[in-house]
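The values are calculated or read from the model by the stated rules, or taken from the named source; none is laboratory data. Quick caveat, the model's predicted, so the values are computed rather than measured. Please note: Cβ atoms are built from the backbone with ideal geometry, for glycine as well, and neighbour counts cover all protein chains shown. These accessible areas exclude ligands, DNA and RNA; they are computed on the full protein's heavy atoms, side chains included. Shrake-Rupley method; radii C 1.70, N 1.55, O 1.52, S 1.80 Å.
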Amino acid sequence: MKKKRLATPLFDVIFEVVRSIPKGRVASYGQIASVVGRCSPLMVGYAMAAVPFNSDVPWHRVVNRKGMISSRGDGDGDQIQRILLEAEGIRFDEKGRIDLNRVRWEFPVC
């Protein structure tokens with residue numbers, strides 16, 4: 001049986017934008033939606049949920065607008081996300097927030 005492809009052309013665009021976030025930086029779902037231009041933050045969330053852990057898409061660098069990790073429906077994905085971010089030097093406060101003023105990636109304007 002052939003495995004169903006989860007990515008759509010829109011997801012492919014979202015994945016390309018997320019690939020541009022450098023190590024040690026994060027972006028919000030809303031930022032990515034704004035850069036893509038034809039989707040909502042929720043659609044970005046769906047795209048990130050479709051990324052397998054072994055992908056080259058750094059899904060872990062996408063957080064919510066409060067600088068927090070959003071829960072994933074696959075068990076311990078949020079814990080894995082925090083571990084990956086901390087390995088890149090991202091620090092969390094006592095409430096589990098990231099200081100977006102320090103580590104938010106500002107996408108270059110073309």
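Odds and ends about this structure:
- Taking amide hydrogens as placed 1.01 Å from N in the peptide plane, the amide H of MET68 sits under 5 Å from those of ILE98, each at least 5 positions away in sequence or on another chain.
- Counted charge near MET68, where neighbours are those whose Cβ lies closer than 12 Å (Asp, Glu -1; Lys, Arg +1): +2
- Calculated FRET efficiency for the pair ARG104/SER55, C-beta based, R₀ 22 Å, to 0.05: 0.45
- Computed with a 1.4 Å probe over protein heavy atoms only, the accessible surface of the chain comes to 64 Å² per residue.
- Taking only Cα atoms of the chain, radius of gyration then Dmax in Å: 13.6, 47
- Carbon and sulfur %, accessible surface of the chain computed with the full protein complex present, 1.4 Å: 54 percent
- Remark: the chain carries a charge dipole of roughly 240 debye about the Cα centre, counting +1 on each Lys and Arg Cβ and -1 on each Asp and Glu Cβ.
- Net charge of neighbours whose Cβ lies under 11 Å from the Cβ of LEU85, counting Lys and Arg as +1 and Asp and Glu as -1: +2
- Most positive-pole-ward Cα, HIS60, LEU10, GLY75, against dipole of the chain from beta carbon charges: LEU10
- Surrounding net charge for CYS39, when Lys and Arg each add one and Asp and Glu each subtract one, Cβ distance under 14 Å: -1
- The order of GLU88, GLU94, GLU106 by accessible area, most exposed first and with a 1.4 Å probe, is GLU94, GLU106, GLU88.
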